[in-house]
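Inspection log for the structure reproduced underneath, given as structure tokens.
The values are calculated or read from the model by the stated rules, or taken from the named source; none is laboratory data. Quantities reported herein were computed from a predicted structural model and do not represent experimental measurements. Virtual Cβ from ideal backbone geometry, glycine too; neighbours counted across all protein chains shown.
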Amino acid sequence: MDVQVPLIEVRNLVKHFGSVIALSGVSLSVHRGEVICLLGDNGAGKSTLIKTLAGVHKPTSGEFLVEGRPVFFNSPRDALDAGIATVYQDLAMIPLMSVTRNFFMGREPVKGVWPFRHVDFDHCDAVTREEMHKIGIDVRDPHQAVGTLSGGERQCVAIARAVYFGAKVLILDEPTSALGVAQTSMVLKYIHQVRQKGLGVIFITHNVRHAYAVGDRFTVLNRGKTLGTYAKSEIAIDELQNLMAGGKELQAVSEELGGMV
Amino acid sequence: MVNTTQPTADLTTAPAVKQIQDERLKEVSLLTKIMRRPELGALAGLILVTIFFLSTADSSMFSLAGVMNILSPAAQLGILAIAAALLMIGGEFDLSIGSMVAFTGLVFGSFITLTGWPLLLAIAATFVVAAVLGGLNGQIVIRTRLPSFIVTLAFLFILRGLSLVGLKWATGGSTQMRGIGAAANEDWVREIFSGNALEGLFAWLAANDLIAKFPNGTPTVTGVPVSILWFIGFALLATWVLLRTRAGNWIFAAGGDANAARNSGVPVDRVKTGLFMLTACAAALVAILTVLDAGSTDARRGFQKEFEAIIAAVIGGCLLTGGYGSAIGAFFGAIIFGMVSIGLTYTRFDSDWFQVFLGAMLLLAVLFNNFIRRKVTGER
């Protein structure tokens, strides 16, 4: 377990969809206990990149290493088994189902011998309550439907689920984009907590402030390519913003509006 | 604006935040817990209907014989309704259930009369045919991504037509196939699929004056029709699977949001195909039970049962959009059905009111379910 070997590393990742070039040479790495922010405007290839990391898409070419070993995922299940958990923007949560049922969805612990094999829901309820408690959400009734939780709470449940099931790398797809201020800080705080546990986090966002609040390093994508990767000490928040939006244009608009963007 | 040390500092204040949320969440009352049960509407409906008939119908309706009269049609419908409910929770419809009853009835009758197979083999083979057809339904829905509504509507007509053509072919021109009862051998297998059960118990109850009996000492009701036991057994099994097993959680997940379920590692396609096979097998079970009891089968068997089954499932709390519902609710829904269809003959009302009642009940159930869902799941 060498700390220097990245949990995930991709080099020159290329992905074509027919004649469309979605990714044309992206490089990225995540280490233990590190939050790497993936920034980029719409259409930069963020979604394609994370879906490739999550096993949804297969790369056209390029290297994909998990803990130093080359991997090839056939399905999201393979990625999960390799310890890469993705929390999608649409959450992969089912509003009509209870918190417990959502928490253990697809990975229900069973007990008993075959014809009588059943899910140990008492255990599940206890685990759910405890895991929620750890992140500061007090679920009094784990049977309540996920639809009754706030957006931030749902996001935290989704992250807690990934962490509980042994994720080594957490990919968060715009977890704060639909949230209010208080809920955003709840999620950012939790991301920080996850980092302290030694997990690697890939945090996708197009909000530079959210990124700067928790990120250790920033990788900026533009038109399917990496513009560069910067440590927090190397770059100021304004520079990052300009880099992400393609620089000059935004600066011009900003001046026009009196520096408000 | 951006304070990078803030998260660490905030960790210590987390308990304070929790206290506030604590108070807001304490409102989970007993009422909410009861309302969260999807079968609540069906149970309330059953109680209302029972009260209605207790006050208007002849008292013989609720005698032991009367209850058996109600439960027999309820059982046949209920077996279909419970399977339909599981499929609806899984997010799909099967409109071919009724035609499937006719078709598997023909298949079963043919195995008995034309091939002369023993009963056990004929029953097993019928279930295999049903499972294959159900699996075909499921695979078409999954692979084409067409709505199951339209795919199974096609099968409603295909199977009904095949039943007619097949019956004429097998019988030489008739749409009814007779002599199945006589051709089927009498053994323990037949005891399981036809006639009455628990006859010893009923004889004992009669001997001890616990139930009504004829002057010669035999009970007026000699036993429970086996279809009722199948109905109850299936309801219990389906409820257990749905609420206590991994497969049950997958059914809810597949119907709630297939994409989210897939992303979480639920084998959605397998679950759905399995459910289509289950509804087809439930139709085959009803076909076998009714064909053995009647001794014959005909092309109209199971006519419009698909609608009745779906109505019973909806009355039982299933949402048309999937992901929510209960098997025990469909059980109650089917009993409401049986009670009203049989019960009206015990009253002074014209029994043709049945259909009016049916439509009204469906509408009420849908409105009620929607209201409850919004209330309970916090959907706004």
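Before moving on, here are some points about what is shown:
- Tally of residues being closer than 26 Å to B:Met68 by Cα and either touching a residue at least 60 places away in the same chain (Cβ under 8 Å) or part of a helix (DSSP H, G or I) (or both) across the stretch B:154-196: 13
- Search result, residues across the stretch B:207-265 that are surrounded by fewer than 18 Cβ atoms within 10 Å (Cβ to Cβ), of a type in the set (S, T, N, Q) and either facing chain A (nearest Cβ under 10 Å) or within 30 Å of A:Phe165 (Cβ to Cβ) (or both): B:Asn259
- Residue identified as more than 22 Å from B:Thr50 (Cα to Cα) and either among the small types (Gly, Ala, Ser) or assigned to a helix (DSSP H, G or I) (or both) among B:Gly338, B:Gly302: B:Gly302
- Some residue of the stretch B:275-297 being touching a residue at least 40 places away in the same chain (Cβ under 8 Å) and either within 14 Å of chain A (Cβ to nearest Cβ) or among the aromatic types (Phe, Trp, Tyr) (or both): yes
- Index of the failed condition, A:Asn42 passing every other in (1) within 15 Å of the chain's Cα centre (by Cα); (2) touching a residue at least 24 places away in the same chain (Cβ under 8 Å): (1)
- Per the listing B:Ala125, B:Ala130, the residue uniquely assigned to a helix (DSSP H, G or I) and either in contact (Cβ under 8 Å) with a residue 40 or more places away in the chain or of a type in the set (Asp, Glu) (or both) is B:Ala130.
- Neighbours by Cβ (under 6 Å, 6+ apart or cross-chain): first from the stretch A:70-81, in a helix (DSSP H, G or I); second among the aliphatic types (A, V, I, L, M) and at pLDDT 85 or above: A:Pro76/A:Ala54; A:Ala79/A:Ala54
- Residue in the stretch B:348-371 that is within 14 Å of chain A (Cβ to nearest Cβ) and either surrounded by fewer than 18 Cβ atoms within 10 Å (Cβ to Cβ) or at pLDDT below 90 (or both) present: yes
- Residue within the stretch B:11-23 that is more than 8 Å from every other protein chain (Cβ to nearest Cβ), at pLDDT 50 or above and either surrounded by 15 or more Cβ atoms within 10 Å (Cβ to Cβ) or in a helix (DSSP H, G or I) (or both) present: no
- Lone unmet requirement of (1) in a loop (DSSP other than H, G, I, E, B); (2) surrounded by fewer than 19 Cβ atoms within 10 Å (Cβ to Cβ) for A:Pro175: (2)
- Test: B:Ile82 is β-branched (Val, Ile, Thr) and more than 25 Å from B:Gly323 (Cβ to Cβ): no
- Among the residues here, A:Gln183 does not qualify as of a type in the set (S, T, N, Q), crowded, with 23+ Cβ neighbours inside 10 Å and more than 8 Å from chain B (Cβ to nearest Cβ).
- Any hit, the stretch B:127-135, residues being crowded, with 19+ Cβ neighbours inside 10 Å and farther than 14 Å from B:Ala287 by Cα: yes
- Members of the stretch A:104-126 found to be small (Gly, Ala, Ser) and at the interface with chain B (Cβ under 7 Å from one of its Cβ atoms), listed by number: A:Gly106
- Residue within the stretch A:65-77 that is facing chain B (nearest Cβ under 10 Å) and either at pLDDT 85 or above or in contact with a strand residue (DSSP E or B) (Cβ under 8 Å, 6 or more places away or on another chain) (or both) present: yes
- Sole residue being modelled with pLDDT of 85 or more, more than 9 Å from chain B (Cβ to nearest Cβ) and outside any strand (DSSP E or B), chosen from A:Arg101, A:Arg161, A:Arg129: A:Arg129
- Residues that are within 17 Å of the chain's Cα centre (by Cα) and polar (S, T, N, Q) were ranked within the stretch A:206-240; the one that is farthest from the other protein chains (Cβ to nearest Cβ) is A:Thr219.
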